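Remarks on the structure that follows.
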Amino acid sequence: MRYSLANHPLLLWLPVAALMLAVWLIPLPGPVHATTRKLTLNATQFEYGPGRVQVNQGDRVIITLTASDVVHGFYLDGYGLERRVEPGVAQQITFIADQAGKFRYRCSVNCGPLHPFMIGELVVRSNTPYWRAIGLVLVTTAGMLVHLWQTGKHKSFKEVIRGTN
Ligand code: CUA
């Protein structure tokens with residue numbers, strides 16, 4: 001009686017599937033490209049410059065907040081950061097961009113008629129799905145190679161189909 005994985009392809013794919021699940025679920029030791037990002041954000045009636053900021057997940061973000069006309073505020077959705085900034089007195093805001101996604105920053109001090117429209121956007125790019133996707137491709141490729149290798153060990157394909165044990 002011959003026992004081969006090729007006769008039981010499911011037995012082979014079980015560990016492969018388990019590995020794929022592990023690659024997807026295991027927490028990574030930390031964001032790969034995390035770095036320190038220093039940004040300057042100037043508040044003026046009625047916008048921020050720049051109005052859109054992009055960082056990577058895990059980055060340490062240091063924002064130097066300035067106001068060039070009247071008193072403004074800064075409130076970052078999702079992170080719950082708030083700061084008030086007076087002209088001529090720069091404020092520094094430091095945080096770790098640990099949540100991926102798009103977050104609005106808005107003025108939190110009534111600075112004039114268009115104050116409610118003083119809104120910017122922080123984009124925190126997630127970098128983990130990228131590495132997980134690469135891991136999945138590697139595991140799948142390895143699984144297919146092993147499967148082909150096991151199947152190829154048999155001379156007759158019919159033998160494999162019939163099952164010779
Ligand atoms: Cu600026 Cu309100």
In whole angstrom, the spacing between the Cα centers of the stretch 32-91 and the stretch 92-111 equals 7
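Please report Arg52, Arg83 as a ranked list, fewest other C-beta atoms within 10 angstrom at the top and most at the bottom.
Numbers: Arg52 11, Arg83 17.
Lowest count first: Arg52, Arg83.
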Ranked from fewest to most other Cβ atoms within 10 Å of their own Cβ, Tyr79, Tyr48, Tyr105 fall in the order Tyr79, Tyr48, Tyr105
Residues whose modelled amide H sits under 5 Å from the amide H of Arg37, counting only those 5 or more places away in sequence or on another chain, are Arg60, Val61, Ile62
So, over other residues within a Cβ distance under 13 Å of Asp77, counting Lys, Arg +1 and Asp, Glu -1, the net charge is +1
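Between Leu25 and Glu82, what is 0.36 nm times their sequence separation minus the Cα-Cα distance? Round to one decimal in nm.
17.2 nm
Local charge sum around Gly120 (other residues, Cβ-Cβ under 9 Å, Lys/Arg +1, Asp/Glu -1)? Please list the in-between numbers first.
Details: positive: Arg52, Arg104, Arg106; negative: Glu47, Glu121.
With Lys, Arg at +1 and Asp, Glu at -1, the neighbours total +1.
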From fewest to most C-beta neighbours within 10 Å, the residues Met118, Met144 line up as Met144, Met118
Calc'd 3J(HN,Hα), the stretch 35-50, phi into Karplus 6.51 cos²θ - 1.76 cosθ + 1.60 (θ = phi - 60°), Hz, glycine/Pro = x, comes to 8, 9, 10, 9, 10, 10, 10, 9, 9, 8, 5, 10, 7, 9, x, x
The ³J(HN,Hα) series, computed from each phi in the stretch 61-68 with the Karplus coefficients 6.51, -1.76 and 1.60 at θ = phi - 60°, rounded to the nearest Hz and given as x for glycine or proline, is 9, 10, 9, 9, 9, 10, 10, 9
Taking placed amide H atoms and a strict 5 Å upper bound, the residues 5 or more places from Cys111 or on another chain that come that close are none
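We did not get these values from a lab; they are worked out from the coordinates using the rules stated. These figures come from a predicted structure and were not determined experimentally. Heads up, the Cβs are rebuilt from the backbone with ideal geometry, glycines too, and the neighbour counts pull from every protein chain shown.
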